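Q: Pasting in a structure now, in C-alpha cells, and then I'll have a few things to ask.
What follows is calculated from the coordinates using simple rules that are stated; it is not laboratory data. Bear in mind that the values here come from a model prediction, so they are computed numbers and not experimental data.
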Amino acid sequence: MAAVIEPGWPCPYTHPLPVASCDEGGQRGGGSRGDDGQVTDDIAAVPASGASSAADVYLGDPAVRAEWDRRYADRERLWSGQPNGALVAEVAGLTPGRVLDVGCGEGADAVWLARGGWNVTALEVSGVALERAAGHARDAGVTVHWVHAGLAAAALPPASFDLVSAQYPALLRTPDAAAERALLVAVAPGGVLLLVHHAGMDTQQGHDSSFDPADYVLPFMVAARLDDDWAVEVDEQRPRIAPDGGAGAHHTDDLVLRARRLR
C-alpha cells in the first residue's frame, strides 16, 4: 500500500495498521471500468475523484481508514510518483500475469505494472490515496482493479496471483500470523512473492515511544514460514534504488525477499 507517514516522521510508522506502505510507489471477482475511470468489483467501489462516496465499500477498521486518509489529505502528494526501484529490478525477468500490489498508496507501482502488461489488483486502506491512484491510472490510460481494504480483511481468492508485491508494507503482526499467511496464500503455484522493506527496521526507534518495531511484519518473519513448497530466490540486504523526492527517500538500504511458490 505506498503510503503513510506523517511529514517529517521517521519510517517506520507509529500506528498498527492493516496495510499501507512506507514508500512510493491487491481484487476479488471481475472488475469493470466505467466512463469516468471508476473501477468497481464485488469488494469495493472506489471513486476516481472527489470525496469518498457512500457507495465506497471498505473492509477493515474505520478508525484506521480515517487515520490514513488524514495523513494523505495533509499533503497534495506524499510520494515521488515513481515506481519502487526494487520492484522494477526484480520484475524485469518475469512474464506479466496477475499481480497483487499490497499497499498501493498513490498508485505509482500499480500504474507502472499495468503499463508493462500486468493485470493489476491494488489494495490500500486509504480512500484518499485510492482516489489519487485511480486518477493517475486514468491519466495513464491503464486499467487497475482497486480494493479498499486491509490485507487480511480483503479475503482475496487464494492462489490467484502470479506476483504478490509488498513494497515497504506496514503490516501488523497478530498471534495467528494473519498478514504473513495472507501474503503467502495469495501466490499462485509458479508465482512469486516479492517483499521489500527498509533495512534496520528491527532496531530503529519510532517517533512515538509506544512504537515497537517487533509489532510489525518484516521479511525474515515471512521467510521463516516458507516450507518445501517454496524456493527462495533472493534474501538479502542491498543498497536501495531510491526515487528522487517523496517521504522515506532518506533510507539507504533494502531488505529484499523474493520467493517462488513451487506447488
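Q: Grab the Cα-Cα distance for R115 and F220, subtract it from 0.36 nm times how many residues apart they are, and report the gain in nm with one decimal.
A: Working: separation 105, 0.36 × 105 = 37.80 nm, distance 3.10 nm.
Gain on stretching R115 to F220: 34.7 nm.
Q: Evaluated at 10 °C with a viscosity of 1.306 mPa s, what Stokes-Einstein diffusion coefficient in µm²/s does segment 95-235 have when Rh comes from the Kirkwood expression over alpha-carbon pairs?
A: 101
Q: By how many nm would the segment from T143 to R77 lengthen if fully extended, with 0.36 nm per residue of separation less the alpha-carbon distance? Numbers along the way, then the final one.
A: On the way: separation 66, 0.36 × 66 = 23.76 nm, distance 2.13 nm.
Between T143 and R77, full extension yields an extra 21.6 nm.
Q: At 0.36 nm per residue, and after removing the present C-alpha to C-alpha distance, how many nm does the segment from D212 to A89 gain when stretched out fully?
A: Going from the current span to full extension adds 41.2 nm.
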